[in-house]
Amino acid sequence: MTNLNDKKVMSESNIPLTASELGFLWAQYMNDTLDICVMNYFKNICEDKDILPLIENSLSIAKNDIRIISEIFAKENHPIPVGFTDEDVNIDAPRLYSDSFILMYIQKVEILAMASVSMAIGLSARSDVSDFFRNLLISVSDLHDKARKVMLSKGVYVRSPNIPVSNQIDFVENQGFLFDFFGKHKRPLTAIEITHLFNNIQTNGMGKAMMMAFAQVCKNEDVKQFLIKGKEIASNHMKKFSSILFDEDLPAPMGWDAHVTDSTIAPFSDKLMMFQTTYMIAVGIGNYGMAAGTCQRLDVSATFARLAAELALYAEDGANILIKHAWLEEPPKSVDRNKLANQSE
């Protein structure tokens with residue numbers, strides 16, 4: 001006799017993937033194939049024995065993800081994405097990054113992974129997909145915690161600013177809390193606003209260092225000019241966010257430029273470097289959007305909104321380069337009903 005629970009599992013496994021599930025699985029597969037390329041290179045250049053286990057851990061997670069996603073796609077008769085392969089990495093290339101950069105990169109990437117995986121969990125209905133992302137969240141949060149502890153032990157973890165602890169609870173009494181339209185005085189930044197400013201300085205710092213390194217080693221001139229422009233944008237955004245903190249007598253984190261070597265030999269293909277850059281741009285736009293929506297001082301919110309629009313225009317330039325070189329792999333998409341209707345005539 002078949003157990004009712006078995007019937008439930010069998011019926012669930014036959015339910016087609018939703019657009020959300022398919023999209024998240026596809027994106028995860030692409031990111032994991034990229035991660036394998038990056039981590040294999042890092043593994044070959046890293047000399048720090050405390051960081052090497054983190055690289056191995058990241059590789060293990062990515063390979064397991066690819067295996068599970070491939071199995072799900074095979075059952076759905078969905079084509080396996082191309083993603084990135086051994087052709088996109090030269091593990092024997094000279095060192096382009098310091099070991100400290102590798103450590104900080106792993107920690108930051110896992111923060112991004114936790115955010116995207118959490119959204120995937122919330123929008124996945126099928127049990128096998130939901131279970132996959134729940135287990136993945138445990139894995140990436142565990143790796144992040146390990147990286148954080150190593151950073152603390154080595155003194156490279158940059159903490160956000162401290163602020164005095166208030167001894168009372170205050171309530172907003174006038175609109176001056178949002179902005180003083182009639183005077184020059186602006187209220188002090190809230191803890192939430194400080195967090196967004198600090199986090200986006202750090203994210204831009206990593207992006208700037210990555211683009212600076214990529215510009216040194218890429219082969220195509222249009223890619224090089226795109227990366228140089230991106231480095232300048234990231235630098236300007238860091239200066240703007242830092243100036244807001246400095247005006248409040250708060251410290252801003254330093255950049256990561258010193259962790260990039262002078263190598264001009266590419267460890268990665270231009271395709272991989274462009275994909276990673278455009279991914280970081282998308283993350284930046286998302287971060288700015290969240291900051292604009294949660295920062296209550298209107299000048300800070302407006303700054304994030306304005307800079308998000310600048311990033312969106314830059315992202316379009318990146319997409320055009322990817323299309324020009326036939327590097328942009330299409331994600332799963334809906335059916336063009338009008339095209340099908342015209343074909344039937």
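Here's the yes/no breakdown for (1) in a loop (DSSP other than H, G, I, E, B); (2) closer than 30 Å to Gly155 by Cβ; (3) at pLDDT 95 or above:
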site	(1), (2), (3)
Gly23	no, no, no
Tyr29	no, no, yes
Thr33	no, no, yes
Lys43	no, yes, yes
Glu56	no, yes, yes
Leu59	no, yes, yes
Arg67	no, no, yes
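Would you be able to tell me the number of residues in the range 83-120 that are in a helix (DSSP H, G or I), hydrophobic (A, V, I, L, M, F, W, C), closer than 28 Å to Val158 by Cβ and in contact with a helix residue (DSSP H, G or I) (Cβ under 8 Å, 6 or more places away or on another chain)? Break it down stepwise before answering.
Step one: of the range 83-120, the residues in a helix (DSSP H, G or I) are 86-88, 99-120.
If we keep only those that are hydrophobic (A, V, I, L, M, F, W, C) as well, we get 101-104, 106, 109, 111-115, 117, 119-120.
Adding the requirement that they be closer than 28 Å to Val158 by Cβ leaves 101-104, 106, 109, 111-115, 117, 119.
Imposing the further condition that a residue be in contact with a helix residue (DSSP H, G or I) (Cβ under 8 Å, 6 or more places away or on another chain) reduces the set to 101-104, 106, 109, 111-114, 117, 119.
Selection size over the range 83-120: 12.
Just checking: which of the helices (runs of 4 or more DSSP H) contained wholly in the range 236-345 hold 2 or more residues that are touching a residue at least 24 places away in the same chain (Cβ under 8 Å) and open to solvent by 50 Å² or more (accessible area, probe 1.4 Å)?
Details: elements: 270-294, 298-324, 337-343.
Passing ranges, in order: 270-294, 298-324.
Please pick out the residue among Leu59, Leu54, Leu34 that is within 17 Å of Glu330 (Cβ to Cβ) and aliphatic (A, V, I, L, M).
None of the other options fit; the residue is Leu34.
Quick test for you: out of Ile66, Ile80, Ile111, Ile55, pick the one residue that is without any contact (Cβ under 8 Å) to a residue 60 or more places away in the chain, under 22 Å from Asp257 (Cα atoms), open to solvent by 10 Å² or more (accessible area, probe 1.4 Å) and β-branched (Val, Ile, Thr).
Numbers: Ile66 fails: under 22 Å from Asp257 (Cα atoms); Ile80 fails: under 22 Å from Asp257 (Cα atoms); Ile55 fails: open to solvent by 10 Å² or more (accessible area, probe 1.4 Å).
The conditions single out Ile111.
The values are calculated or read from the model by the stated rules, or taken from the named source; none is laboratory data. Note that the coordinates shown come from a computational prediction; the quantities given were computed from them, not determined experimentally. Note that we place each Cβ from the backbone using ideal geometry, even for glycine, and neighbour counts take in every protein chain shown. These area figures cover heavy atoms from the full protein model, side chains too; ligands, DNA and RNA do not enter into them. Shrake-Rupley method; radii C 1.70, N 1.55, O 1.52, S 1.80 Å.
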